[in-house]
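The values are calculated or read from the model by the stated rules, or taken from the named source; none is laboratory data. This structure is a prediction, so every number in the text was calculated from the model and none was measured. Using ideal geometry, Cβ is built from the backbone for each residue, glycine included, and neighbour counts are taken over all protein chains shown.
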Amino acid sequence: MFTFRFYTPDDRPAWDECVLRSRNGVFLFLRAYLEYHADRFEDASVVIHAEGRPGRIVAVLPANRQRAPLQPAEHGHGTTANAHGDTFVTHGGLTFGGLVMDEKLGGTQVVTLLRELLPWLAANGFARLKYKPTPHLYHRLPSEEDLYALHQLGAQTTQVLLSSTLDLTRPCPTSSARKNALRIASRHNIQAGPCAWEDFWPLLTQTLQQRHGVNPVHSLEEIRLLASRFPDRLEVLGGWPSQDASQQLQAGAVLFHYDGVTHTQYLASSPAGRDSHAQHRVIDTAIESARARGQRWFSFGTSTTEGGHVLNDGLLHHKEIFGARGTILQTLELDLPGH
């Protein structure tokens, strides 16, 4: 019932149009976002048509090919391709991905589509599917038929990450810890508002290096590029003492604004900011800004490491004092036919 082919640059207008009219597409799936790190991921995105209707794309699947490591050749001379084959990942450069569906695509069709997709992937050199579905919060219409289809096909959940999300349509639960933190921020005259990317990025890099030994996923050049491509979607807020003429940042947050969801992509705080609780002021401002935008959800992101096996209790509590509660991001995996 369906035909599949790999994405080519000529597909870009039709791909983007499909994402924009879909029931579960987000701006991360637009080619202008997907391709900012094209040098790091071998694109394997799939364009899907209903059989006999080549003119209309009914679904797209953002994905990359994860090459199997080469294995030593027999007798120790050089290397050869790994017989286990490559992995089809949806998508290695994104927090989540999954099938982007036309609103006219029904549940039975989605089950058929994925059943037909698997042997096609196997015929194109893939041995395993690694599927990272878009969480339901980001759906414009309910779109979890893919999860049911993959369950039917034998997929196993291999990773569950715990995220924290606040429902902006409900009053925030009263929290003495939150009130106390904001009182301390007020005592330090902390104010929050938009700031420059180049002012926040050194603070973010220093925070991640000191606390986790890692760098931001995006470089300053990359985040500025994305902000120029999606000026209504990316925002950076900072917090600083109002009496500081230099506006030296003590805390900040990078916000990604989806349709209905505002997500904290990055949070950072200096030692002085931890003393002044500047980050609490920044988050409180971000929540009210999201509510003013008419957003339904405010996402704080995950509090887990080691593939979801380790929960950072302190980080989770920090998010929960604002009234956020648990949602999950999951990964499903499945061996493809013949493997």
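Quick notes on this one:
- Search result, residues across region 240-250 that are surrounded by 22 or more Cβ atoms within 10 Å (Cβ to Cβ) and more than 13 Å from W197 (Cα to Cα): W240, Q250
- Any hit, region 22-45, residues being surrounded by fewer than 18 Cβ atoms within 10 Å (Cβ to Cβ), touching an Asp or Glu at 6+ places or on another chain (Cβ under 6 Å), within 24 Å of L332 (Cα to Cα) and modelled with pLDDT under 95: no
- Within region 298-327, the set of residues being hydrophobic (A, V, I, L, M, F, W, C) and either under 17 Å from H280 (Cβ atoms) or assigned by the TED database to the domain that holds Y138 (or both) comprises F298, F300, L315, L316, I321, F322, A324.
- Residue identified as within 29 Å of R40 (Cβ to Cβ), free of Cβ contacts under 8 Å to residues at least 12 places away in the same chain and out of contact with any Cys (no Cβ under 8 Å at 6 or more places or on another chain) among E235, E221, E288: E221
- In region 121-157, the qualifying residues are those that are out of contact with any helix residue (DSSP H, G or I) (no Cβ under 8 Å at 6 or more places or on another chain) and hydroxyl-bearing (S, T, Y), and the one that is nearest to R281 (Cα to Cα) is Y138.
- Any chance R233 is modelled with pLDDT of 95 or more, touching a Phe, Trp or Tyr at 6+ places or on another chain (Cβ under 9 Å), under 25 Å from G294 (Cα atoms) and of a type in the set (D, E, K, R): yes
- Members of region 296-333 found to be buried (at least 21 other Cβ atoms within 10 Å of the Cβ) and more than 26 Å from L208 (Cβ to Cβ), listed by number: L332
- Region 45-55, subset of a type outside the set (S, T, N, Q) and free of Cβ contacts under 8 Å to residues at least 60 places away in the same chain, residue nearest to D11 (Cα to Cα): V47
- Check on A192, in contact with a Ser or Thr (Cβ under 7 Å, 6 or more places away or on another chain), small (G, A, S) and touching a residue at least 12 places away in the same chain (Cβ under 8 Å): yes
- Annotation for region 233-250: no member residue is more than 27 Å from V26 (Cα to Cα) and of a type in the set (V, I, T).
- Selection status of H277, more than 22 Å from the chain's Cα centre (by Cα), surrounded by 13 or more Cβ atoms within 10 Å (Cβ to Cβ) and over 18 Å from S164 (Cβ atoms): yes
- Helices (runs of 4 or more DSSP H) (entirely within region 106-215) containing at least 2 residues that are in contact with a His (Cβ under 8 Å, 6 or more places away or on another chain) and either over 19 Å from L61 (Cα atoms) or at pLDDT below 95 (or both): 176-187
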